[in-house]
Amino acid sequence: MTEVSNGARSRIVLNELTKIYGSGGGQVPAVDAVSFDVREGEFVALIGPSGCGKSTILNMMAGLIPISDGEILIDETQVITGTPTPKVGYVFQRDTVFPWRTVRKNIGLGLELNRVPKAQREAEVDRLVERAGLGGFEDAFPITLSGGMRQRVSLMRTLIMRPEILLMDEPFGALDTHTKLEMHKLLLEIWNKEKQTVVFVTHDLGEALTLSDKIIVLSARPGRLKEVFDVPFERPRDAVSLRETPEFSALFSKIWHSLGEEFRRTSAEG
Ligand SMILES: Nc1ncnc2c1ncn2[C@@H]1O[C@H](COP(=O)(O)OP(=O)(O)OP(=O)(O)O)[C@@H](O)[C@H]1O
Ligand SMILES: [Mg+2]
């Protein structure tokens, strides 16, 4: 088991992970030899400009697409494409609630597929509905919900499976600032209790600083690991007041500089 200084073991290890899409003349190098570890209970943010391979990395971690080179280990076992593990939950970049299912039926989907008895399923769904502040909307269809409410449904639908490892791909990317802060509060509350091991993709530096223990900055495409920053703010954190501290501003400026170079490279290419 890989041990690190604070004693927590590494749950996820990426070794020189590489992805090239396509073949022959149409090759698109998306991810280039990215290596990092995520420890048990750690909250890691992956940040980088659009198209730098963030979703590609998560999709490989979830075993959804094949890797081109290198390896991914979860609990020392290689991730094999097409064999997802129940330990891993994935909140996708796009809002993936099913429009024809009610809030209750969206959140309970995984338990239904696992043939969990109805009474147990409903008790668990009720608990998560409550936790997500969706009380009163159990029988609503997604079209009648706001974007933030739909994202809460997506999040709860993943959490109900009690994943130990949570992959989240810009889950709050489409939300306005206020709703986003509400979601940060909710996620911090849940994570403080359950301490999942999290890889959270974002291109919002404020969001990464609010939530994570460590920020991994990727370069413009093909994504290479550019720099890793520790986020030493005390926990539990308050998503709003943290942003008003001088420590937050100082770290924001430092990382912004590193990230800004990559955003400029992307816009120069585009
Ligand atoms: N299925 C695919 N076939 C070919 N190229 C792809 C495929 N999926 C992604 N790409 C390319 O790989 C690169 C990385 O894409 P990816 O979606 O991982 O980026 P991202 O960092 O998640 O971007 P965003 O922040 O916009 O979501 C992009 O140039 C994209 O066009
Ligand atoms: Mg993406």
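Before moving on, here are some points about what is shown:
- With 10 Å bins from 0: P(r) over region 21-118, alpha-carbon pairs, percent: 11, 36, 32, 17, 3, 0
- Selection among G110, W100, P232 by position relative to the dipole of the chain gives W100 as farthest towards the positive end (Cβ unit charges, Cα centre).
- Tail beyond 22 Å, pair distance distribution of region 63-195 (Cα, percent): 40
- Extension gain, K185 back to H257 (0.36 nm per residue minus Cα-Cα distance, nm): 23.2 nm
- Charge dipole of region 93-177 (Cα centre as origin; +1 on each Lys and Arg Cβ, -1 on each Asp and Glu Cβ, all else neutral): 280 debye, rounded to the nearest 20.
- Residue with peak Gaussian network fluctuation, the chain [Cα springs, cutoff 10 Å], from D238, D176, D95: D176
- Springs between Cα atoms under 10 Å define the GNM used for the chain, and in it the highest mean-square fluctuation of P49, P236, P222 occurs at P236.
- The average projected area of the chain, computed from the convex hull of its Cα atoms over all directions, is 15.5 nm².
- Restraint check, K105/K214; K54/K254; K54/K180, Cα-Cα greater than 30 Å: K105/K214
- Contact order normalised by residue count of region 97-162, Cα under 8 Å, 6+ apart, percent: 54
- In summary, the lysines within cross-link reach of K87, defined as a Cα separation below 17 angstrom excluding same-chain residues under 8 places away, comprise K195.
- Taking a straight line from the alpha carbon of K118, these aspartates and glutamates sit under 13 Å away, with near neighbours fewer than eight places off in the same chain left out: D126.
- Equivalent-ellipsoid semi-axes of region 13-52, from the Cα gyration tensor, Å, largest first: 26, 13, 6
- Extension gain for F141 to A174 (0.36 nm times residue separation, less C-alpha to C-alpha distance): 9.9 nm.
- When the Gaussian network model of the chain links Cα atoms closer than 10 Å, the mean-square fluctuations of A239, A220, A140 top out at A140.
- Percent RCO, i.e. relative contact order, over the chain, from Cα pairs under 8 Å lying at least 6 residues apart: 25
- Extension gain, L64 back to Q27 (0.36 nm per residue minus Cα-Cα distance, nm): 11.4 nm
- Built amide H within the under 5 Å cut-off of G223, gap 5+: V31, D32
- Residue-count net charge about V198 - beta-carbon cut-off 15 Å; Lys, Arg +1, Asp, Glu -1: 0
- In the chain, a dipole from Cβ-located charges (positive for Lys and Arg, negative for Asp and Glu) runs towards its positive end, and of G206, Q151, A33 it is Q151 whose Cα lies farthest in that direction.
- Label-point separation in nm, R264 to D95, each point 7 Å along Cα→Cβ: 3.6
- At most 10 other Cβ within 10 Å, DSSP loop - GluC sites (Glu not before Pro), region 208-251: E234
- Residues T83 and A119, FRET efficiency given R0 of 30 Å [Cβ-Cβ distance, rounded to 0.05]: 0.45
- Mean projected area in nm² (Cα convex hull; one quarter of hull surface) for region 97-162: 3.9
- Percent antiparallel among DSSP beta bridges (both partners in the chain, rounded to 5): 50
No value in this document is a laboratory result; all are computed from the given coordinates. Because the structure is a prediction, the values reported are computed rather than measured. Heads up, the Cβs are rebuilt from the backbone with ideal geometry, glycines too, and the neighbour counts pull from every protein chain shown.
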